[in-house]
Amino acid sequence: MQPSRWQQAWREAIRDPRELLSVLGLPALALQVSAEAAAQFPLRVPRGFVARMRPGDPHDPLLRQVLPLDAEMQPVPGFGLDAVGDAAARAGHGVIHKYEGRALLVATGSCAVHCRYCFRRHFPYAEETAAAAGWRDAIEVIRADPGIHEVLLSGGDPLSLATRKLSELTDALRGIGHVRRLRIHTRLPIVLPERIDAELCRWLSGLPWPVVVVVHANHANEFDASVDGAIRALREAGATVLNQAVLLRGVNDDVDTLAALAERGLAAGVLPYYLHQLDRVAGAAHFEVPDATALALHAALVARQSGYLVPRLVREVAGDVSKRPLHAAGDGRDPHPVA
Ligand SMILES: *Cc1c(COP(=O)(O)O)cnc(C)c1O
Ligand code: SF4
């Protein structure tokens, strides 16, 4: 079968750090690139996303998110392999049922971009994906539990699956009366907007439930006209579109950058949802922003932005019943749990 346009763009993604640096006119930066880090979690970035990076700028906020650096290989206490406790929560069929009413499906292991701060760098999810066995086990888990009202597709990136594969799942879910909502967590509308094609939109607009698409952009520069078009198409297909971001040192850890992200998102039709404190995974320590700084940034955002432009500042803590809002130290709540 002919690959579709988005599958072609996916295949053409840059995977060689030297090529990326040469495209950006930054060959000198190669000295800081770590072959070891790249072997552990390979570089991967679609060319359309690279086109939004500033040539010649070694501190470009989009480049920092994808370039494997030496700093990743320095062990830092507190930064481990399973920062969010998913290894324990996963039952082997790709379904994570941690929060009331919501079943999260690890739909697939693939992503079009490899984000250096992601916990996935240690979980290739090669086998335990919900789509692997034709969704059968995942569908049985959902069918058997009338308390599950929302099915959440995550991954990896669930939109890396062919639309045909996604509709196999939703066709089966139509027959399960207690499913009332579908949510899709995806970075593809941002990093590979070609993915939001006519076939995908036909599928979305034919679904019988409210659909929420949570995209993932960390910086205003990640938006361009092609991303605007993808988000417009999602909304025209009936989806509510929200954004989650990760607070990242050297990428978006100042109030102007966070405010610009929310405003640029709004212009595209996306409202902020969560601003995550980093998962403490090995290799990501150099991105961490201290809780006190995170809280101060958030307070500054609250003071100057419309309420709907302020994301909730949260951290994921193993064993909690929900994402945990960050609180100031000394208010009686533990801002920095020990895992
Ligand atoms: C984050 C997450 C959800 C969704 O949580 P919301 O607060 O509803 O966005 C559901 N299940 C799991 C396992 C999660 O990690
Ligand atoms: S799961 Fe999301 S954050 Fe992690 S590598 Fe894939 S796109 Fe990036």
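The values are calculated or read from the model by the stated rules, or taken from the named source; none is laboratory data. Model, not experiment: these values are computed from the prediction. Here the Cβ positions follow ideal geometry from the backbone for every residue, glycine too, while neighbour counts run over all protein chains shown. All accessible areas refer to the heavy atoms of the entire protein, side chains included, with ligands and DNA or RNA removed. Shrake-Rupley method; radii C 1.70, N 1.55, O 1.52, S 1.80 Å.
Annotations for the structure displayed:
- Some residue of region 239-248 being closer than 26 Å to A198 by Cβ, in contact (Cβ under 8 Å) with a residue 12 or more places away in the chain and touching a Phe, Trp or Tyr at 6+ places or on another chain (Cβ under 7 Å): yes
- Tally, over region 131-149, of residues that are surrounded by fewer than 19 Cβ atoms within 10 Å (Cβ to Cβ) and outside any loop (DSSP other than H, G, I, E, B): 5
- Put simply, of A172, A162, A144, A198 the only residue that is under 20 Å from V241 (Cα atoms), modelled with pLDDT of 95 or more and assigned by TED's automatic domain parsing to the domain that holds A233 is A198.
- Residues in region 19-51 that are under 18 Å from the mean Cα position of the chain (by Cα) and not in a helix (DSSP H, G or I) were compared, and the one that is farthest from A284 (Cα to Cα) is P46.
- When every residue of region 216-226 is checked against the conditions, none turns out to be in the same structural domain as E150 (by TED's automatic domain parsing), of a type in the set (A, V, I, L, M), closer than 22 Å to V310 by Cβ and open to solvent by 50 Å² or more (accessible area, probe 1.4 Å).
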